[in-house]
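J.: Okay, handing you the structure first.
The values are calculated or read from the model by the stated rules, or taken from the named source; none is laboratory data. Just so we're clear, the structure is a prediction, and the values are computed from it rather than from any experiment. Glycine also receives a Cβ, built like all others from the backbone with ideal geometry; neighbour counts cover every protein chain displayed.
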Amino acid sequence: MPMTARFSLLRTAIVLVLVLVVAGCSGGKGLFKGKKDRNEGVPVAELYDRAHAQMEHGSWSSANETFGRLIAQYPYGPYAEQALMEQAYAQYKSGKHEDAISTIDRFIRTYPTHKNIAYMYYLRGLTNMARNTVFMARTFNLDTSNRDLDAPMQAYNDFNTLISRYPNSRYVADARQRMVFLRNQFARFELTTGLYYLRRGAWVSAAERATYLLETYPQSEYQNDAVALLGEAYARMGETKLSADARRVLEQNDPQHPWLSGRWPNFPNLLKRLNPLSADAR
């Protein structure tokens, strides 16, 4: 057989193989697409029981998917209401915080007078607190240029809404404790930022940060430290009278504070107390 004819046959064979491969892949995709979802068409009560059982076993992602199927197939009625609440909780537990917030907001918009609406505000607060890890990481790194307080502040507002609108809710007591915790975290952030400025000789900024802490978060866990920071910043600026005023306030409120005996700020030890993971504390 001439070489030209052989080459033509070989090329034709290769083209046929490629066509078969492509067709096979397309057919395979069709088969996969046609594969029925095991939750599709299942009665609503059975779907709910299945999702609830998945939650009891800690299969949060599976429960989220099953509740999602239930809501898509049966968007109205008591099962849909309950499924939406439980889906939000499953998303929260599985770490899908953005999805949980979206589901909670959808529930609040759709059922604003629901008997469990207080719980949804509570869950929203918990979810925003769970997003607090970014805020805490930035606090620990003392990175004042990239701070983001949106999530913890939103959590604080969620709990405050719960307490204000539903004062008799069973979740109020826990929400109050979480608000105290968050408030102390905000104060600690301001303190660590002020110390950051102090270490770098930005004494005016350090004093401003301490003043902001005292004005915004009075009676916080870090109030006396803020007074000490203010006194230290004034002392380094040469404002002896203002520094002496801060000292008198601290002597009245916390006579054992280490700044009064010249042992504060000892930055490695201080930062270790504020943040055991700080590189400065190692």
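Here's the yes/no breakdown for (1) in a loop (DSSP other than H, G, I, E, B); (2) buried (at least 17 other Cβ atoms within 10 Å of the Cβ); (3) of a type in the set (Gly, Ala, Ser):
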| residue | (1), (2), (3) |
| --- | --- |
| Thr66 | no, yes, no |
| Ala80 | no, yes, yes |
| Glu98 | no, no, no |
| Arg106 | no, no, no |
| Arg109 | no, no, no |
| Lys115 | yes, no, no |
| Tyr119 | no, yes, no |
| Arg124 | no, yes, no |
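J.: Collect the residues in region 187-234 that are among the polar types (S, T, N, Q) and under 20 Å from Arg248 (Cα atoms), keeping them in residue-number order.
T.: Let us first name the residues in region 187-234 that are among the polar types (S, T, N, Q), namely 192-193, 205, 211, 216, 219-220, 223-224.
Those that are among the polar types (S, T, N, Q) and under 20 Å from Arg248 (Cα atoms): Thr211, Gln219, Ser220, Gln223, Asn224.
J.: Is it the case that Leu195 is at pLDDT below 95 and surrounded by 19 or more Cβ atoms within 10 Å (Cβ to Cβ)?
T.: Details: at pLDDT below 95: yes; surrounded by 19 or more Cβ atoms within 10 Å (Cβ to Cβ): yes.
Yes; evaluated as a whole, the condition is true for this residue.
J.: Working only within region 82-96, note down all residues that are crowded, with 17+ Cβ neighbours inside 10 Å, among the polar types (S, T, N, Q) and part of a helix (DSSP H, G or I).
T.: Gln87, Gln91
J.: Hey, can you tell me all the residues within region 192-233 that are under 21 Å from Gln256 (Cβ atoms) and touching a residue at least 60 places away in the same chain (Cβ under 8 Å)?
T.: Leu195
J.: Enumerate the pairs (first residue in region 53-67 and on the phi > 0 side of the Ramachandran plot; second residue anywhere and buried (at least 16 other Cβ atoms within 10 Å of the Cβ)) with beta-carbon separation below 9 Å, excluding pairs fewer than 6 apart on the same chain, so at least 6 apart or on different chains.
T.: Gly58/Lys93
J.: Something else: Within region 159-172, restricting attention to residues that are surrounded by 10 or more Cβ atoms within 10 Å (Cβ to Cβ) and either in contact with a Pro (Cβ under 9 Å, 6 or more places away or on another chain) or not hydroxyl-bearing (Ser, Thr, Tyr) (or both), which residue is nearest to Thr113 (Cα to Cα)?
T.: So, considering only residues that are surrounded by 10 or more Cβ atoms within 10 Å (Cβ to Cβ) and either in contact with a Pro (Cβ under 9 Å, 6 or more places away or on another chain) or not hydroxyl-bearing (Ser, Thr, Tyr) (or both), the one nearest to Thr113 (Cα to Cα) is Arg165.
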